[in-house]
1. Show me the chymotrypsin sites (Phe, Trp or Tyr not before Pro) within segment 42-96 that DSSP assigns to loop and that have at most 16 other Cβ atoms within 10 Å of their Cβ.
2. Give me the 1.4 Å probe accessible area per residue for the chain, excluding ligands and nucleic acids, in Å².
3. Which FRET efficiency, nearest 0.05, do N123 and E235 yield, Cβ-Cβ r, R0 35 Å?
4. On average over all directions, what projected area in square nanometres does segment 298-383 have, based on the convex hull of its Cα atoms?
5. Between K197, K272, K40, which gets the highest mean-square fluctuation from a Gaussian network model of the chain, Cα cutoff 10 Å?
6. Between I55 and Q93, how many nm apart are label points set 7 Å from Cα along the C-beta direction?
7. Which distance in nm do the two modelled labels at Q336 and R178 give, with both placed 7 Å along the Cα-to-Cβ direction?
8. Once the piece of chain linking F71 and E280 is laid out straight, how much longer is it, given 0.36 nm per residue of separation minus the C-alpha distance between them?
Amino acid sequence: MPTVNDNFLKLAAGYLFPEIGRRVAEFAQANPEAEAKIIKMGIGDVTEPLPEACIVAMHKAVDDMSKRESFHGYGPAQGYDWLREAIVEHDYQSRGCDIAADEVFLSDASKCDCANILDILGNDNTVAVSDPVYPVYVDTNVMAGNTGEADDSGRYGGLVYLPAVEENGFTPDLPTTRVDIIYLCFPNNPTGSVATKETLKKWVDYAREHGSLILFDAAYEAFVTEPGIPRSIYEIPGARDVAIEFRSFSKNAGFTGTRCAFTVVPKGLTGKAADGSSVELHGLWKRRQSTKFNGVSYIIQRGAEAVYSEAGKEQIAELVSFYLENARIIREALEQAGMTVFGGVNAPYVWVKTPEGQTSWQFFDTLLNDANIVGTPGSGFGAAGEGYFRLSAFNSRENVEEAMQRIGAVLAV
Ligand code: MLT
């Protein structure tokens with residue numbers, strides 16, 4: 001019998017979103033009359049069709065595949081040059097960020113990249129995460145053997161948890177002890193908070209001073225609406241020496257089912273080998289990707305390229321404002337119902353305090369049972385998320401309005 005990776009046995013709970021799905025399925029089975037009424041505002045999954053520009057480009061790419069002269073087999077593992085060049089021009093150079101096309105690696109998802117990046121990093125690093133946090137950062141460190149056991153609150157030994165709470169505007173303070181790796185996510189999942197240039201500069205300065213690596217998840221950058229808020233960590237001078245950035249087409253262009261993302265690993269960003277020498281992370285990631293990944297399909301990359309066309313940009317802006325309008329409706333309805341609400345201005349997530357006396361999971365049950373609404377309990381994102389609840393603005397307008405009426409009625413009782 002083979003042995004297993006015992007680190008998996010340390011995982012304190014099932015992955016958050018399947019766990020919610022399991023509970024919802026259980027509820028639906030016990031209450032078949034309510035099943036059709038359930039409105040899902042839990043996982044941040046988009047609902048609106050792909051932008052027309054992407055559809056047109058993908059149709060054309062399918063046609064390319066039908067002819068010998070324009071057929072594509074294996075593509076470059078890092079992604080086609082035309083897409084990497086479009087990314088760099090529109091997402092980075094246009095904002096004054098010094099990033100080159102060969103520093104961009106296409107992939108199927110930033111969730112996977114956030115996890116896979118651990119392949120090229122050692123197991124003896126001190127890792128810091130904010131609390132609450134996107135659970136992938138924590139769970140993948142557990143799987144990789146970078147943590148001890150979980151305590152009663154679900155916090156794993158060996159990780160440094162940085163509370164992101166109301167008092168600090170849901171942006172964590174710098175660690176008081178030295179850490180090697182820091183995961184940051186802005187606009188933040190789950191709290192919807194954003195980091196100003198000053199805040200990010202503080203982190204870049206910390207990383208430069210302490211030789212730390214920032215893993216910056218910018219999957220929600222398209223939702224930044226307030227002027228002056230950075231969309232990329234590379235807007236901060238010096239960041240390319242200390243940060244890897246993860247980006248996604250899932251939330252801006254609705255690619256959750258289409259799958260396309262990218263990671264930027266700047267050249268010159270280094271880690272330390274066992275013999276003390278410096279090793280470029282770019283080379284290691286390239287080696288990792290070319291061994292374990294065969295690239296994103298040609299058709300999907302053509303769809304992603306269309307995101308940067310004039311029509312694509314306009315259509316994406318419309319999609320983003322549609323979801324942000326949902327977020328506004330959610331925020332205002334909950335405020336009117338007397339709730340304390342955060343986020344939802346530069347992010348598709350609204351972070352709400354649970355009613356007095358209810359834990360996150362109790363409020364989850366209240367909304368599921370009494371309003372047939374599914375959200376995400378804040379404690380699922382970490383101990384400091386207890387007492388909060390996340391609602392996703394990714395939904396149809398009809399569902400959002402209906403959900404707010406139902407939640408309002410439940411809270412009025
Ligand atoms: C979420 O709901 O937090 C996101 O959909 C998760 C993800 O993008 O993987």
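The values are calculated or read from the model by the stated rules, or taken from the named source; none is laboratory data. Please read these numbers as outputs of a predicted model, since none were measured by experiment. As a convention, Cβ positions derive from the backbone with ideal geometry for all residues, glycine included, and neighbour counts pool all protein chains shown. When the accessible area is computed, the model is the full protein with side chains, heavy atoms only, and any ligands, DNA or RNA have been set aside. Shrake-Rupley method; radii C 1.70, N 1.55, O 1.52, S 1.80 Å.
1. Numbers: sites: F71, Y74, Y80, W82, Y92; in loops: F71, Y74, Y80.
Of the chymotrypsin sites (Phe, Trp or Tyr not before Pro), the ones in loops of segment 42-96 whose Cβ has at most 16 other Cβ atoms within 10 Å are F71, Y74.
2. On the way: 17830 Å² over 413 residues.
In whole numbers, the chain has 43 Å² accessible per residue.
3. Values: r = 32 Å, r/R0 = 0.91.
Computed FRET efficiency for N123 and E235: 0.65.
4. Working: hull surface 32.0 nm².
Computing the convex hull of the Cα atoms and averaging its projections yields 8.0 nm².
5. Greatest mean-square fluctuation among the candidates belongs to K272.
6. The two pseudo-label positions are separated by 3.2 nm.
7. Here the answer is 5.5 nm between the modelled labels.
8. The span from F71 to E280 would gain 71.7 nm if fully extended.
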